[in-house]
1. Considering each residue of the stretch 88-128, count those that are aromatic (Phe, Trp, Tyr) and in a strand (DSSP E or B), and give that number.
2. Can you work out which of the residues in the stretch 94-120 that are at pLDDT 90 or above and closer than 24 Å to residue 59 by Cβ is most open to solvent (accessible area, probe 1.4 Å)?
3. Sort out which residues of the stretch 38-65 are of a type outside the set (A, V, I, L, M), outside any loop (DSSP other than H, G, I, E, B) and open to solvent by 50 Å² or more (accessible area, probe 1.4 Å), and write them in order of number.
4. Go over the candidates 68, 15, 28 one by one and state the one that is surrounded by 10 or more Cβ atoms within 10 Å (Cβ to Cβ) and at pLDDT 85 or above.
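The values are calculated or read from the model by the stated rules, or taken from the named source; none is laboratory data. None of the values given here were measured: they were computed from a predicted structure. Don't worry about glycine lacking a Cβ; one is built from the backbone with ideal geometry, like all the others, and counts go over all protein chains shown. The protein model used for the area step is the full one, side chains on, heavy atoms only, and it has no ligands, DNA or RNA in it. Shrake-Rupley method; radii C 1.70, N 1.55, O 1.52, S 1.80 Å.
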Amino acid sequence: MKSSRLRRRLAGTAAATVLIGAGALAAAPSAVAKANLLTIGKVSLQESGLRANVTYSCDPGMNHQLVANATKVGATGHDESIAAGTIKSAKLTCDYDSHAAQVSLRPAVGSHFAKGDKVKVGVFYFDEDGFSYAHQETVTVL
């Protein structure tokens, strides 16, 4: 076989491999690529504490909780205020699609938040083995 014929065969094989790979990616469910993601939306002040709007997606069969924590930014010593909230796994819809949830964050004893406070909010998944993942954080003004 001549070298130019060999080069054309190799080039043809490489092109076919690329096309097959691209076809497999195009045929794969697009939702699979967004599983186990978290996005923090609006954080607002409520009578009982804070509320964080969260968009989430998770794999079917996952047994984890969605956890949110908030800390007042710029607070020092006795002025530090914190709040936390959880959505149990039974309340999450895990089907690869994105879903909206509102997490109520209750302040710890002695903590308080007011309009105009700057807070850092973090959300993550927490499983039954104590493993946390998909951490997201944002800083906002109430």
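1. 3
2. 102
3. Residues of the stretch 38-65 that are of a type outside the set (A, V, I, L, M), as a first pass: 39, 41-42, 44, 46-49, 51, 53, 55-61, 63-65.
From what is left, the residues that are outside any loop (DSSP other than H, G, I, E, B) are 39, 41-42, 44, 46, 49, 51, 53, 55-57, 64-65.
Residues satisfying the conditions are 39, 42, 46, 51, 53, 55, 65.
4. Values: 15 fails: at pLDDT 85 or above; 28 fails: at pLDDT 85 or above.
Answer to the check: 68.
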